[in-house]
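Q: The structure that follows is given in the form of structure tokens.
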Amino acid sequence: MLPPERDPIAPAAPEAVTIIVDGIPVSGVAGQSVAGVMLAAGRLAWRTTAAARRPRGVFCGIGVCFDCLVEVNGARDVRACQRIARDGDVVAFQDETLPGGAA
Amino acid sequence: MTRVAVVGAGPAGLAAASAALRAGAEVTLLDAAAATGGQYWRHLPPSRPAAREARLHQGWRDFTMLSRAVARHPRATVIAGAQVWAVEPCAFGDRAPTLQYAVGDADGSDRDVRTLSPDALVLATGAHDLTLPFPGWDLPGVFTGGAAQALAKSERVAVGERVVVAGAGPFLLPVAASLLSAGAEVAGVFEASPAGTLAAGWASGAASVAAMPHKLGELAGYVVGQLRGRVPYRAGAGVIAAHGIDRVEAVTVAALDADWRPIPGTERVIACDAVAVSHGFTPRLELAIAAGCALADDFDKLNPAGLDGLDPAHFDGLNPAGLDRLNPAEPAAPRPWSRFVAVDDDQRTSVPRVFAAGEVTGIAGADAALREGGLAGWLAAGGDPGDRRVAAARRRIARYRGFARALDAAHGIRPGWTDWLTRETTVCRCEELSYGRLTDVLEATGSRSIRALKLATRAGLGPCQGRICGRTVESIAAARNGAPLDGVVIDRRPIAAPIRFSELARLPHPEERHEP
């Protein structure tokens, strides 16, 4: 993420928010989505697909593709790009591997 | 007092709400996002004020004026974070359809489930990116143009440090500008349509474009002001593959012919850590289809002539979407890329008391959406159809239809794009369906039924419900086996958004719903 002092839109000093991602505290800016916090921290992928076990993260960014699904505070299938991060949110990754291996 | 519900708070929805208030209605404006503005005016949250945020937007003053006027109006209720998940048509036709919606954290488990039965409904649900598949498009680091823009404008996150922008349409320019503003390097903008197609397409709509000073100024602003000298732009080229193990490390760009076929020998590899690709837009039709609105797949049918309100004959011969019935006649070649809600010159749909405005009725940009929304909101509220502003709005909207046609002529998807696919390329991202498997099934079955194809391949049955792959699959199926015969429209999604069982269990009892 662009440091605020270099941002041409002259933002006010940001307020921090910290979420727990896969057990590790990650800080972002208040008002960011869970996906935005993770992307800004350098994480590009977090879901593992069912059949080919491939990594996925944000694709559409506007709540349409459902590629960025995560578990938030114990509830599965939350679109990370749509959920606003709250201080202390616990984010876990979804591995959708089917029983018996690849489909 | 007329109670008007507006779904979608982008340019069309905000204009509709504002006009309906002016006409004296009580207005409820619903949007699934945390704030109004839609994707066009997607912006920083109130917790992140910025002195010069207007730099990131076009028409920012229109947005601030409209959104404030609506939010402060005593007859308006603006509900952000409101996900409409079902629309139930009114059985007796004396009311608008009933909306089922959930309010709270996105995909939360304890949202407030509510019902709304308005007198009139304006659907302004907008559109999302249409990104065609290419080898490697399922790698992390491949984004739609909309994702790159949304993250830059509302979070100040650049999706990569060195980003390639590709696809088709004028939208690629604001995507590149947003990336630059968020601190990324843009390695190039690649427009699929060659210069000749662009020139001919835009010339066909020159009069319409000239009538849209905002749009002209917007595009000129990007090219001259923000991108020139900083970003290479090339027409007649596209990203035909993305490379990497677990993330994008490079893309292959090739020259494309007028049909968007890659020209052998022109490939070159560009190193990048992200790519933003959009080939157009897909309207969000599911609520309109659930309401029973007819669709149209031809620009000339979208706004049937006739100023005397709804004449059901206008809608004869239009695609009977949502009816899932076998059409006995050989259907015309389908145009899955240009299927929208059919409206007349008053933005009325085929369903009484239901209006539609903005990108769900055709991709014509924010200027058109503002006018269409204003007209729809005014008439939905029972405003005087003889008002001079109504006639003026109709004239402007007619010109914008010319712009939509020119946009399609210049940038519309051409059939040669499938040449850049390989058998291994993922087509349906959710169900991990490959192009080879899809074409094998099409060949083996000869199927011309979208329903059968979905069940045989699982295309469109995953979490996104065919929002990303649907029109691609339809197009591939039609090209191989002929136009589908079963009348199934892939945009039909009776459950328009996921809802949890715990929330369903809290739905109001049907008898409690029909409040006066």
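Q: With respect to B:VAL427, is the statement that it is assigned to a strand (DSSP E or B), within 19 Å of B:TRP260 (Cβ to Cβ) and at pLDDT 90 or above true?
A: Numbers: assigned to a strand (DSSP E or B): yes; within 19 Å of B:TRP260 (Cβ to Cβ): yes; at pLDDT 90 or above: yes.
So B:VAL427 fits the description; yes.
Q: Of the residues B:ALA177, B:ALA207, B:ALA148, B:ALA199, which single one is assigned to a helix (DSSP H, G or I), within 10 Å of chain A (Cβ to nearest Cβ) and not acidic (Asp, Glu)?
A: Values: B:ALA177 fails: within 10 Å of chain A (Cβ to nearest Cβ); B:ALA207 fails: within 10 Å of chain A (Cβ to nearest Cβ); B:ALA199 fails: within 10 Å of chain A (Cβ to nearest Cβ).
Unique residue meeting the criteria: B:ALA148.
Q: Further question: Just the residues that are in contact with a helix residue (DSSP H, G or I) (Cβ under 7 Å, 6 or more places away or on another chain) and either at the interface with chain B (Cβ under 7 Å from one of its Cβ atoms) or of a type in the set (A, V, I, L, M) (or both), please, taken from the stretch A:45-67.
A: Filtering the stretch A:45-67 down to residues in contact with a helix residue (DSSP H, G or I) (Cβ under 7 Å, 6 or more places away or on another chain) leaves A:46, A:58-62.
A:VAL58, A:PHE59, A:CYS60, A:GLY61, A:ILE62, listed by residue number.
Q: Among the residues of the stretch B:151-174, which ones are more than 22 Å from A:GLY63 (Cβ to Cβ), away from chain A (no Cβ under 14 Å) and assigned to a loop (DSSP other than H, G, I, E, B)?
A: B:ALA168, B:PRO170
Q: Just one of the numbered conditions (1) of a type in the set (Val, Ile, Thr); (2) assigned to a helix (DSSP H, G or I); (3) more than 13 Å from the chain's Cα centre (by Cα) is not true of A:VAL17; which one?
A: (2)
Q: What number of residues within the stretch B:229-245 are part of a loop (DSSP other than H, G, I, E, B) and farther than 15 Å from B:GLY160 by Cα?
A: Pass one, the stretch B:229-245, residues part of a loop (DSSP other than H, G, I, E, B): B:229-232, B:236, B:244-245.
Filter once more, keeping what is farther than 15 Å from B:GLY160 by Cα: B:229-232, B:236, B:245.
Residues that pass the stated criteria total 6.
Q: Another question, then. Only one of A:GLY61, A:GLY42, A:GLY88, A:GLY31 is part of a loop (DSSP other than H, G, I, E, B), surrounded by 24 or more Cβ atoms within 10 Å (Cβ to Cβ) and not β-branched (Val, Ile, Thr). Can you tell me which?
A: Working: A:GLY42 fails: surrounded by 24 or more Cβ atoms within 10 Å (Cβ to Cβ); A:GLY88 fails: surrounded by 24 or more Cβ atoms within 10 Å (Cβ to Cβ); A:GLY31 fails: surrounded by 24 or more Cβ atoms within 10 Å (Cβ to Cβ).
Being part of a loop (DSSP other than H, G, I, E, B), surrounded by 24 or more Cβ atoms within 10 Å (Cβ to Cβ) and not β-branched (Val, Ile, Thr) holds for just one of A:GLY61, A:GLY42, A:GLY88, A:GLY31, which is A:GLY61.
Q: For the stretch B:218-225, does any single residue satisfy the condition of being in contact with a strand residue (DSSP E or B) (Cβ under 9 Å, 6 or more places away or on another chain) and within 14 Å of another protein chain (Cβ to nearest Cβ)?
A: No, the stretch B:218-225 contains no residue that is in contact with a strand residue (DSSP E or B) (Cβ under 9 Å, 6 or more places away or on another chain) and within 14 Å of another protein chain (Cβ to nearest Cβ).
Q: Another question, then. Within the stretch B:124-143, does at least one residue satisfy the condition of being assigned to a loop (DSSP other than H, G, I, E, B), touching a Leu at 6+ places or on another chain (Cβ under 9 Å), of a type in the set (Ser, Thr, Tyr) and away from chain A (no Cβ under 11 Å)?
A: Within the stretch B:124-143, one or more residues are assigned to a loop (DSSP other than H, G, I, E, B), touching a Leu at 6+ places or on another chain (Cβ under 9 Å), of a type in the set (Ser, Thr, Tyr) and away from chain A (no Cβ under 11 Å).
Q: Moving to a separate point now. Among (1) within 14 Å of chain A (Cβ to nearest Cβ); (2) surrounded by 16 or more Cβ atoms within 10 Å (Cβ to Cβ), there is one condition B:SER67 misses while meeting the rest; what is its number?
A: Here B:SER67 clears every test but (1).
Q: Another question about this same structure. Does the stretch B:215-263 hold any residues that are at pLDDT below 95 and polar (S, T, N, Q), and which are they?
A: B:GLN226 - this is the single residue of the stretch B:215-263 that is at pLDDT below 95 and polar (S, T, N, Q).
Q: Filter the stretch B:433-465 down to the residues that are within 11 Å of another protein chain (Cβ to nearest Cβ) and closer than 18 Å to B:PRO498 by Cα, then identify the one that is surrounded by the fewest Cβ atoms within 10 Å (Cβ to Cβ).
A: Among residues in the stretch B:433-465 that are within 11 Å of another protein chain (Cβ to nearest Cβ) and closer than 18 Å to B:PRO498 by Cα, the one surrounded by the fewest Cβ atoms within 10 Å (Cβ to Cβ) is B:PRO463.
Q: Any chance you could count how many residues in the stretch A:15-28 are within 10 Å of another protein chain (Cβ to nearest Cβ) and surrounded by fewer than 22 Cβ atoms within 10 Å (Cβ to Cβ)?
A: Initial filter on the stretch A:15-28 (within 10 Å of another protein chain (Cβ to nearest Cβ)): A:15, A:17, A:28.
Checking the rest, the ones that are also surrounded by fewer than 22 Cβ atoms within 10 Å (Cβ to Cβ) come to A:15, A:17.
Residues that pass the stated criteria total 2.
Q: Taking only the stretch B:246-263 into account, find how many residues are in a loop (DSSP other than H, G, I, E, B), surrounded by 20 or more Cβ atoms within 10 Å (Cβ to Cβ) and among the aliphatic types (A, V, I, L, M). Outline the logic, then answer.
A: So the first thing to find is which residues in the stretch B:246-263 are in a loop (DSSP other than H, G, I, E, B), and the list is B:246-249, B:257-261, B:263.
In the following step, the residues that additionally are surrounded by 20 or more Cβ atoms within 10 Å (Cβ to Cβ) were identified as B:248, B:260.
Pick out the ones that are also among the aliphatic types (A, V, I, L, M) and you get B:248.
Matching residues across the stretch B:246-263 total 1.
Q: Do we find that B:GLY383 is at pLDDT 95 or above, under 12 Å from B:ALA124 (Cα atoms) and not aromatic (Phe, Trp, Tyr) in this structure? Talk me through it step by step, then tell me what you get.
A: Details: at pLDDT 95 or above: yes; under 12 Å from B:ALA124 (Cα atoms): no; not aromatic (Phe, Trp, Tyr): yes.
Criteria not met by B:GLY383.
Q: Being free of Cβ contacts under 8 Å to residues at least 12 places away in the same chain and either within 13 Å of chain A (Cβ to nearest Cβ) or surrounded by fewer than 22 Cβ atoms within 10 Å (Cβ to Cβ) (or both) narrows it down to one residue among B:ASP119, B:ASP105, B:ASP112; which is it?
A: Values: B:ASP119 fails: free of Cβ contacts under 8 Å to residues at least 12 places away in the same chain; B:ASP105 fails: free of Cβ contacts under 8 Å to residues at least 12 places away in the same chain.
Sole residue among the options that is free of Cβ contacts under 8 Å to residues at least 12 places away in the same chain and either within 13 Å of chain A (Cβ to nearest Cβ) or surrounded by fewer than 22 Cβ atoms within 10 Å (Cβ to Cβ) (or both): B:ASP112.
Q: Within the stretch A:4-14, does at least one residue satisfy the condition of being more than 7 Å from every other protein chain (Cβ to nearest Cβ), surrounded by fewer than 18 Cβ atoms within 10 Å (Cβ to Cβ), of a type in the set (D, E, K, R) and in a loop (DSSP other than H, G, I, E, B)?
A: There is no residue in the stretch A:4-14 that is more than 7 Å from every other protein chain (Cβ to nearest Cβ), surrounded by fewer than 18 Cβ atoms within 10 Å (Cβ to Cβ), of a type in the set (D, E, K, R) and in a loop (DSSP other than H, G, I, E, B).
Q: Give the residue that is farthest from A:ALA35 (Cα to Cα), with candidates limited to residues of the stretch A:72-85 that are assigned to a loop (DSSP other than H, G, I, E, B) and over 12 Å from the mean Cα position of the chain (by Cα).
A: First pass over the stretch A:72-85, keeping only residues assigned to a loop (DSSP other than H, G, I, E, B): A:73-74, A:80-83, A:85.
When the remaining residues are screened for being over 12 Å from the mean Cα position of the chain (by Cα), the result is A:73-74.
Working: A:ASN73: 15, A:GLY74: 17 Å.
For the stretch A:72-85, the residue satisfying everything is A:GLY74.
Q: Quickly run through the stretch B:433-449 and pick out the residues that are touching a residue at least 24 places away in the same chain (Cβ under 8 Å) and either among the acidic types (Asp, Glu) or in contact with an Asp or Glu (Cβ under 6 Å, 6 or more places away or on another chain) (or both). Quick ask: steps written out before the conclusion?
A: So the first thing to find is which residues in the stretch B:433-449 are touching a residue at least 24 places away in the same chain (Cβ under 8 Å), and the list is B:433, B:435, B:438-439, B:442-443, B:446-449.
B:GLU443, B:SER449, listed by residue number.
Q: Still on this structure, I have one more. Restricting to the stretch A:23-44, count the residues that are out of contact with any helix residue (DSSP H, G or I) (no Cβ under 7 Å at 6 or more places or on another chain) and among the hydroxyl-bearing types (Ser, Thr, Tyr).
A: Selection size over the stretch A:23-44: 1.
Q: Follow-up question, since we're still on this one. Does B:ARG95 fit the bill of being away from every other protein chain (no Cβ under 14 Å), surrounded by fewer than 20 Cβ atoms within 10 Å (Cβ to Cβ) and more than 20 Å from B:PHE355 (Cβ to Cβ)?
A: The answer is no for B:ARG95.
The values are calculated or read from the model by the stated rules, or taken from the named source; none is laboratory data. Remember, predicted model here, so these are calculated numbers, not experimental data. Cβ coordinates were reconstructed from backbone atoms using ideal geometry, including for glycine residues, and neighbour counts include every protein chain displayed.
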